[in-house]
1. With the requirement that a residue be touching a helix residue (DSSP H, G or I) at 6+ places or on another chain (Cβ under 7 Å), within 18 Å of F154 (Cβ to Cβ) and surrounded by fewer than 24 Cβ atoms within 10 Å (Cβ to Cβ), what does segment 120-129 give you?
2. Which residue pairs have Cβ atoms under 6 Å apart, sit 6 or more places apart or on different chains, and have a first residue in segment 67-85 that is in contact (Cβ under 8 Å) with a residue 40 or more places away in the chain and more than 14 Å from E12 (Cα to Cα) and a second that is among the charged types (D, E, K, R) and assigned to a strand (DSSP E or B)?
3. For D113, are the conditions met, namely being under 20 Å from A53 (Cβ atoms) and modelled with pLDDT under 95?
4. So A109 clears everything in (1) assigned to a strand (DSSP E or B); (2) within 13 Å of the chain's Cα centre (by Cα); (3) without any contact (Cβ under 8 Å) to a residue 12 or more places away in the chain except one condition, right? Which one?
5. Only residues that are over 25 Å from E137 (Cβ atoms), among the polar types (S, T, N, Q) and either in the same structural domain as D156 (by TED's automatic domain parsing) or touching a strand residue (DSSP E or B) at 6+ places or on another chain (Cβ under 8 Å) (or both): list them for segment 65-83, please.
6. Name every residue in segment 16-57 that is at pLDDT 95 or above and farther than 27 Å from E92 by Cα, in order of residue number.
Amino acid sequence: MTPAFSASELQEALSELAVILQRSRKRARIYVAGGAAMILANKSDKLTRDIDAWIEEGYGAVMDAAQQIARQRGWPSTWINEQATTYMPPPEKRRGTVVYDHPSLKVIAANNDHLLAMKARAARSVDESDVEQLLRECSCSTVEQVESLVQNVFPDEGLGERQKQWLGAVIDRLTNQGDIEPDE
């Protein structure tokens, strides 16, 4: 079973990563999305199983250091990975908050609009609670509002029918529970 990481565990691991990079005189810049971004940017008490990252600078050094940290902590080698990059905005569209800043390592967490756009495009059932939270935080109560947000983040890609239906079901459930107000 893959362990789940808290905000403090992720911060500790990023500190270790920065120290290793500094010792090897390397620098790195990482854009983080998914659950890790929500946890790190919002100081959430949620847990995540990995850091979905786009390693913008220092790829080899980051991956080598990440493997070393994984061995030391008994973590999976994929605790930091680039598997979600297909859902991330292109470099010129990325917006976020610096959640870790060290001379050898800068980590930027995707902002809530970008996270909602990415998770709406992925339309995975495991993301439903995150999407519910992001809908509230982004003040979105319709599929059309989320579609507009997706178009701003991913100008060449919209939501497909499957994504719209999935998102509509999540929004309907939140509206019926009184968690969001329907857009009049």
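1. If the condition is that a residue be touching a helix residue (DSSP H, G or I) at 6+ places or on another chain (Cβ under 7 Å), within 18 Å of F154 (Cβ to Cβ) and surrounded by fewer than 24 Cβ atoms within 10 Å (Cβ to Cβ), then R121, A122, A123, D127 are the ones that fit.
2. Final answer for the pair search is A84/D52.
3. The answer is yes for D113.
4. So A109 meets the others, but not (3).
5. N81
6. Correct list: E16, V19, I20, Q22, R23, S24, R25.
Residue by residue, here is whether (1) at pLDDT below 90; (2) among the basic types (K, R); (3) not assigned by TED's automatic domain parsing to the domain that holds L47 holds:
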{"site": "T85", "(1), (2), (3)": "yes, no, no"}
{"site": "P90", "(1), (2), (3)": "yes, no, no"}
{"site": "R95", "(1), (2), (3)": "yes, yes, no"}
{"site": "A123", "(1), (2), (3)": "no, no, yes"}
{"site": "L134", "(1), (2), (3)": "no, no, yes"}
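The values are calculated or read from the model by the stated rules, or taken from the named source; none is laboratory data. Everything numeric in this text was worked out from a predicted model, so none of it was measured. Heads up, the Cβs are rebuilt from the backbone with ideal geometry, glycines too, and the neighbour counts pull from every protein chain shown.
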